[in-house]
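Just so it is clear, none of the values below were taken in a lab; they were calculated from the coordinates. The model shown is predicted, which means the values in this text are computed figures rather than measured ones. Positions of Cβ are backbone-derived with ideal geometry, glycine not excepted, and every protein chain shown enters the neighbour counts.
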Ligand code: GLC
């Protein structure tokens, strides 16, 4: 038995889109509370909520104006306490989103900071004079398009925002900011929250000299300007590790808490966020630095075999792996790989070594929903239209049943429902043993009952002719996973054993070889 965040499965809820209890078309905490049965029946272990703190919602909660509250749209602090208690009563953990890189421009800290150059909180954010020619302080760009600097006419200085102008970056080199953030962690930990998913944790610190980012020589000429720069001075700065270790020290005072960091970096740099270095080894940073490779790599057996081997080889001693198949920022897995391969993808996610994170709706095979331009909401898409950057398609309401509001809302949903919600919904799939939901429940139950799938070593990772295979073994138990990434049948060699799970719902035994149908995955106990 490992820690809960090692043995367990994390389920991400985008609170606006999970369940609306009051008919305003936006999901809320009372809605989530009323739907905990779904999570228990599914068989996940922890719930991660995207931000629920008070926010002007310029980036739907990733612009926090009060780190120690709950936005009225979602409920009250008492609702949050109730949700924590209800989760714990069911053996579920609750993980909150922490957004420490930037606040809202309406946060009292920023209002104070922008009052003038002499404000005591001036240095809580990153202010710079204009360049000698009166222009931008340097060439840094916002992830959401345009310069990362906005001029404040009052003081004649620019402030830095890695995202929207409404999301000014905090100055993590200022000890007062660090201390304030540590207090915020304690505020939630004292309320019984089990941990944090920390937003853009690899961006916390910026170059002290504010040097220009160099162009990326490998970027395609038609890439968006942001992607044509290397984030040499705006991401993954060496000092970030000490800042994260500081957060970790706060968590470690409390038993059984965990921190998972949002980090988009190549594996060799990603794994450094477990902590330690050659001089001082130790796992003193993120318990789990999110591993997003399955979101980003080509859906191909050879590619994924290499991804698994390279990741396993890169992990520092004692570091626990993790895998993510979907989140609120990236296209849904069913749209990326197709409905049939999405079943294979679920089997992959839930049988790899390490903590899986499952995105709400993916257990139904929910696809990206075409949101008409007049209903578009996401600022990332609205600021750079025509580049497909909008994330609305992956944030549509959870379809619970075949009713008009899909059981999500009695009002008008803030984003359109999936057009197939009358057939693709929890109630419908609940009754169908062949459904995507039933497959997820079977795989999660199998995982829970099979120590080799949770604690077991992974070995024999190989791809041949479009079939990915690997073994998981623990204390004499050995399981073989066979995944057909192709649209045609494949015969593969396998020892004598019993089928524990199948994407296409078969059982029985195998010996010597087995014929996988198109898009079929099997878990076999040898
Ligand atoms: C992270 C979040 C994303 C948000 C951004 C700015 O990438 O996942 O949704 O827009 O940070 O906070």
> Given the convex hull of the Cα atoms of the chain, what is a quarter of its surface area in nm²?
Replying inline: 24.8
> So how far apart, in nm, are the two label points at residue 515 and residue 68 if each is 7 Å from Cα heading toward Cβ?
Replying inline: 6.7
> Roughly what would the spin-label model give for residue 123 and residue 256, points 7 Å off Cα along C-beta, in nm?
Replying inline: 4.2
>> Ranking request for peptides 251-258, 95-102: highest mean number of other beta-carbon atoms within 10 Å first, then the rest in descending order.
In response: 95-102, 251-258
> Using the per-residue mean of other Cβ atoms lying within 10 Å as a proxy for protection, in what order, highest first, do the peptides 373-383, 334-344, 9-19 fall?
Replying inline: 9-19, 334-344, 373-383
>> What do you get for the angle between helix 301-314 and the principal long axis of the chain? Use alpha-carbon atoms, 0 to 90 degrees, nearest ten.
In response: 60
> Taking 0.36 nm per intervening residue step and subtracting the Cα-Cα distance, what contour gain separates residue 85 from residue 37 on full extension?
Replying inline: 15.8 nm
> For the stretch 252-380, what relative contact order do you get, as a whole percent, if you take Cα pairs closer than 8 Å and at least 6 residues apart?
Replying inline: 20
> Which whole number in µm²/s is D for the stretch 208-279 by Stokes-Einstein, with the Kirkwood Rh taken over Cα pairs at 25 °C and 0.890 mPa s?
Replying inline: 166
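Nearest-5 percent of antiparallel DSSP beta bridges in the chain? Write down the numbers at each step before the final one.
Numbers: 41 of 65 bridges.
Around 65 percent of the beta bridges assigned by DSSP in the chain are antiparallel ones.
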>> At R0 = 60 Å, how high is the FRET efficiency between residue 432 and residue 232 if r is their beta carbon distance? Nearest 0.05 is fine.
In response: 0.70
>> Per-residue counts of other Cβ atoms within 10 Å, averaged by peptide: what ranking do you get for 61-74, 113-126, 314-327, highest first?
In response: 61-74, 314-327, 113-126
> What angle, in degrees between 0 and 90 and rounded to the nearest 10, separates the Cα long axis of helix 77-89 from the longest principal axis of the Cα atoms of the chain?
Replying inline: 30
> Counting only Cα, what are the radius of gyration and maximum Cα-Cα distance Dmax of the stretch 335-430, in Å?
Replying inline: 14.8, 43
> If one computes the Cα centroid of the stretch 17-33 and of the stretch 331-349, what distance in Å separates the two points?
Replying inline: 27
>> What is the angle, in °, between the Cα long axis of helix 436-449 and the longest principal axis of the Cα atoms in the chain? Nearest 10 is fine, range 0 to 90.
In response: 80
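Rounded to the nearest 500 deg cm²/dmol, what is the calculated helix-only ellipticity per residue at 222 nm for the chain, with -39500 (n - 2.57) per DSSP H run of length n ≥ 4?
My calculation for the chain gives -7000 deg cm²/dmol from helical runs alone.
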> When all C-alpha to C-alpha distances in the stretch 1-44 are sorted into bins of 5 Å, what percent of pairs does each bin hold, rounded to whole numbers?
Replying inline: 5, 21, 23, 19, 14, 10, 4, 2, 1
